[in-house]
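Bear in mind these aren't lab numbers, they're just calculated from the coordinates by the rules spelled out. The shown structure was predicted, so the numbers you read here are calculated from the model rather than taken from an experiment. We place every Cβ from the backbone using ideal geometry, glycine too, and count neighbours over all the protein chains shown.
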Amino acid sequence: MKIAVLPGDGIGVEIVAEALKVLRALDLKFEMETAPVGGAAYEQTGHPLPESTLNLAKQADAILFGAVGDWKYDSLERQFRPEQAILGLRKHLGLFANFRPAICYEQLVGASSLKPELIAGLDILIVRELTGDIYFGQPRGRRIASDGAFAGAEEAFDTMRYTRPEIERIAHVAFQAARKRSKKVTSVDKANVLETFQFWKDVVTQVHQDYPDVELEHMYVDNAAMQLVRAPKKFDVVVTGNMFGDILSDEASMLTGSIGMLPSASLNSKNQGLYEPSHGSAPDIAGKGVANPLATILSAAMMLRFSLNQEEAAQRIERAVQNVLSQGLRTPDIWSEGTKQVGTAQMGDAVVKAL
Ligand code: IPM
Ligand code: MG
């Protein structure tokens, strides 16, 4: 089992270190190799996704990824910005299926900004398409507008597009995931305005013919954003495109109290996967030892389950995380009156002990 370890920038370094502690504490043999990515790689090699890092990722069974990005790179030409590293990995490895669970842990009901009764027991799975849509559509760029009221003015444009096979494969992933859960899929689109998402809706409806046992509902993205805060427990599996999934998954994660708790998995058709916390590099708290490592530790659990075929070890980690929460240990992002505040490393150590 070969794991490529890509800590990246900001808190990425600290939280990945804790996940590695946890992996090492299991009685499993891994080959692990670390490589720079994002801003850290740009500093070392002049590129956020160096050839050597990409090759390591391609050869590995799984990639454990921290986070990339820092404001100090905002003025770089786009191809050199840290975010290009994660987008490049997704594209080069074909990691089209992104799983972002939003689970509200019973111990953290009080940490949500929503009323406890709205989110207690919440368990949503967002299935986000990750290699298409306006994120990757060509052409894109800047030019002089050739028509319209502002012809002759400078303009910028991107291309939103999906091909049928791209929609079909993510729809299959969502319906299959729903079969293992409560058999309900909400497909989020903007079919009332966008051609791309009318097509999305049509194709998802066709794929649904293969899954008569699963209930399918369609929802416009603006309504979905509203329903997520109004009655989040009505959702089970949510499938959507790359950009809507980016936005809705951040919204869904915050329902649970903290984005610092949520893992994610991005898989290709060979079950090779990249595992990363749903949150970003948080440069404002980097190096302070206060970041919550649990999202990364739970991402490592997902990695064991989906790419390394180690279900038992995955469950051990998940139980250990429950255990430390029950002990009342909290990093600052999930702290509340009556619980014990701990730092990044203390949290990691506690999980190892609970294993
Ligand atoms: C995410 C992030 C990325 C995205 C950025 C860092 C490119 O926001 O994984 O959700 O937009 O996909
Ligand atoms: Mg995002």
Förster-model FRET efficiency, 22 Å R0, L118 and L355, C-beta, rounded to 0.05 = 0.10
key: Spatial separation of Cα centroids for region 39-103 and region 153-227, in angstrom   = 26 Å
query = Which of V16, V239, V324 moves the most in a Gaussian network model of the chain with Cα springs under 10 Å?
reply = V324
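Any chance you could tell me what percent of the C-alpha pair distances in region 196-293 go past 23 Å?
On the way: 1995 of 4753 pairs.
Cα-Cα pairs of region 196-293 separated by over 23 Å account for 42 percent.
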message = Could you give the length gained by full extension between E43 and E312, i.e. 0.36 nm per residue of separation minus their alpha carbon distance, to one decimal place?
response = 92.9 nm
message = Positive end of the dipole of region 45-126, charges at C-beta (+1 Lys, Arg; -1 Asp, Glu), about the Cα centre: which of I103, P48, G66 has its Cα farthest in that direction?
response = P48
task = Pull out a ≥ b ≥ c, the square roots of the eigenvalues of the alpha-carbon gyration tensor of region 223-355, then state rounded if a/c is under 1.5, prolate if not and a/b is larger than b/c, and oblate in the remaining case.
result = oblate
query = Let a ≥ b ≥ c be the square roots of the eigenvalues of the Cα gyration tensor of region 1-61; is it rounded (a/c under 1.5), or, if not, prolate (a/b larger than b/c) or oblate?
reply = oblate
request  = Would you mind working out the magnitude of the charge dipole of region 1-78 relative to its Cα centre, with +1 at each Lys and Arg C-beta and -1 at each Asp and Glu C-beta, to the nearest 20 Debye?
outcome  = 200 debye
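Which entries of K2/K270; K288/K340; K29/K58; K91/K234 have Cα-Cα distances beyond 23 Å here? Walk me through the numbers before you get to the answer.
Working: K2/K270 15 Å; K288/K340 18 Å; K29/K58 20 Å; K91/K234 32 Å.
Pairs exceeding the cut-off: K91/K234.
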ask   = Which value, in debye to the nearest 20, gives the size of the charge dipole of the chain about its Cα centre, when Lys and Arg are +1 and Asp and Glu are -1 at the Cβ?
value = 640 debye
query = Sorted by average packing, counted as other Cβ atoms within 10 angstrom per residue and highest first, what order do 327-337, 29-39 take?
reply = 29-39, 327-337
task = Considering the convex hull of the alpha carbon atoms of the chain, report its projected area averaged over all viewing directions, in nm², one decimal.
result = 18.6 nm²
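Sort 266-278, 136-148 for me by packing, meaning the mean count of neighbouring Cβ atoms within 10 Å per residue, highest on top. The partial results should precede the final answer.
Values: 266-278: 21.9, 136-148: 10.4.
Going by the mean number of other Cβ atoms within 10 Å, highest first, we get 266-278, 136-148.
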remark   = Pseudo-spin-label distance E251 to E195, built 7 Å along Cα→Cβ, given in nm, is 2.6 nm
task = Apply the Karplus parameterisation 6.51 cos²θ - 1.76 cosθ + 1.60, with θ equal to phi minus 60°, to every residue of region 197-204 and state each ³J(HN,Hα) to the nearest whole Hz, in sequence, with x for glycine and proline.
result = 8, 5, 4, 3, 4, 4, 5, 4
key: Dipole in debye (nearest 20) - region 18-153, about Cα centre, beta carbon charges: Lys, Arg +1; Asp, Glu -1   = 340 debye
Residue among G280, G338, G289 with the largest mean-square fluctuation in a Gaussian network model of the chain, springs linking Cα atoms under 10 Å = G338
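Which value in deg cm²/dmol, rounded to the nearest 500, describes the helix-derived mean residue ellipticity at 222 nm for the chain, given -39,500 (n - 2.57) per DSSP H run of n ≥ 4 and division by the residue count?
Calculated mean residue ellipticity at 222 nm is -12000 deg cm²/dmol.
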